[in-house]
Amino acid sequence: MKSSLSARLSFLSSFYTDFTEVWDIGCDHGHLGLSFLDVKTVKRINLVDPSDLVIKTLNSNLKDSYITIPDKIVVKHSKGQNLKIKSDEKKIIFIAGMGGKETKEILNHIEKDLNLSDLVLISPHKNILELRAYLNSSSFRLYKEAVIFENQYFYQVLAIGLLPSMSKVSPFGSEIWLSPLGQSYRLSLLKTFKAHHDPISREFVAYLDGLSY
Ligand SMILES: C[S@@+](CC[C@H](N)C(=O)[O-])C[C@H]1O[C@@H](n2cnc3c(N)ncnc32)[C@H](O)[C@@H]1O
């Protein structure tokens with residue numbers, strides 16, 4: 001089964017270090033999770049999706065593939081909001097390509113099952129302010145944040161975990177604005193958010209306007 005990674009998914013996978021369990025929540029084609037198949041330290045790859053079609057296609061592709069270690073792969077037909085992920089393994093968890101609302105619900109649900117050594121990578125495609133507001137008021141802490149540009153869209157990527165020594169997630173972002181790509185992203189967001197008139201959007205525009213580079 002071919003598992004080619006886009007630049008965005010490749011960036012997400014680059015956060016892997018010595019984790020023993022991989023969770024690809026909202027896996028769709030499964031490329032991200034399956035990219036860890038040959039990584040010797042990975043004991044288990046969990047591919048999760050609530051879509052009947054996704055699971056059917058995934059199972060059929062896996063059956064027809066040349067993968068020789070299927071025991072390592074677990075396909076779960078489930079919403080991320082219903083998952084049980086508790087284990088003693090060191091986990092890397094990907095929640096990418098969903099809306100901020102779903103991402104927030106999944107994070108809220110899995111938080112109780114996370115160990116301090118686990119790392120969660122999120123990359124929502126919309127409602128980022130809503131998600132950041134939640135993260136800012138939660139126990140999640142920021143390890144790293146970045147912005148990626150793919151197929152004419154910007155995506156925020158946040159690496160988060162529960163280690164109290166890490167910093168809080170800022171409501172509007174901090175590191176992401178520093179790179180040249182971050183500056184293009186800022187201009188693009190200013191254009192979008194200036195058309196919105198709710199208090200949070202106005203506050204965000206004022207914040208972006210105030211960044212002087
Ligand atoms: C756009 S695809 C993203 C695929 C891949 N993660 C990526 O970033 O390229 C979104 C996937 O999330 C799944 N999905 C939607 N709601 C979900 C939920 N609540 N829990 C888990 N997966 C969900 C969809 O079925 C779909 O396969």
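The values are calculated or read from the model by the stated rules, or taken from the named source; none is laboratory data. Just so you know, these numbers come straight off a predicted model, no measurement behind them. All Cβ positions, glycine included, derive from the backbone under ideal geometry; neighbour counts span all protein chains shown. Calculation scope for accessible area: heavy atoms of the full protein, side chains included, ligands and nucleic acids excluded. Shrake-Rupley method; radii C 1.70, N 1.55, O 1.52, S 1.80 Å.
For region 93-211, what's the relative contact order in percent, using C-alpha pairs closer than 8 Å and at least 6 residues apart?
22 percent
With a 1.4 Å probe and all protein chains left in place, how much of the accessible area of the chain comes from carbon and sulfur atoms, in whole percent? Working shown, then result.
Values: 5910 of 10910 Å².
Result for the chain: 54 percent of the exposed heavy-atom area is carbon or sulfur.
Using per-residue counts of other Cβ atoms within 10 Å, averaged over each peptide, order 188-200, 29-41 from highest down. Show your work: numbers first, answer last.
Values: 188-200: 12.4, 29-41: 18.4.
So the peptides 188-200, 29-41, ranked by packing, come out 29-41, 188-200.
Where in the chain are the DSSP H helices whose alpha-carbon span along the long axis reaches 24 Å or more and whose Kyte-Doolittle mean is at least 1.0?
Numbers: long enough: none.
Helices passing the filter in the chain: none found.
Taking 0.36 nm per residue of separation and subtracting the Cα-Cα distance, what length does fully extending Ser184 through Asp198 add? Can you show the working numbers first?
Numbers: separation 14, 0.36 × 14 = 5.04 nm, distance 2.34 nm.
Extra length available between Ser184 and Asp198 comes to 2.7 nm.
Using a cut-off of 23 Å between alpha-carbon atoms, which lysines can reach Lys168, once sequence neighbours fewer than 8 places away in the same chain are excluded?
Lys90, Lys91, Lys101, Lys104, Lys112, Lys126, Lys144
What accessible area per residue comes out for the chain, rounded to a whole number of Å², with a 1.4 Å probe? Let's see the in-between values first.
On the way: 10910 Å² over 213 residues.
About 51 Å² of surface per residue is accessible.
Mind checking which aspartates and glutamates have their C-alpha under 15 Å from Lys40, skipping anything on the same chain fewer than 8 residues away?
Within the straight-line cut-off, Lys40 pairs with Asp18, Glu21, Asp71, Glu89.
How far is it, in nm, from the label point at Ser65 to the one at Ser170 when both lie 7 Å from their Cα along the line to the Cβ?
So the label points at Ser65 and Ser170 sit 3.9 nm apart.
If you count, for each residue, the other Cβ atoms within 10 Å and average over each peptide, how do 161-168, 56-63, 17-24 line up from highest to lowest?
Values: 161-168: 12.6, 56-63: 14.2, 17-24: 19.5.
Result, highest mean Cβ count within 10 Å first: 17-24, 56-63, 161-168.
Mark the label point 7 Å from the Cα of Ser117 along Cα→Cβ and return the residues of region 161-197 whose backbone N is within less than 15 Å of it.
Flagged as within label range: 162-163.
Within region 169-201, which residues have the backbone N less than 19 Å from the label spot 7 Å out from Tyr143 along Cα→beta-carbon, could you tell me?
Within reach of a label on Tyr143, which here means backbone N under 19 Å from a point 7 Å along Cα→Cβ, region 169-201 contributes 169-170, 174-176.
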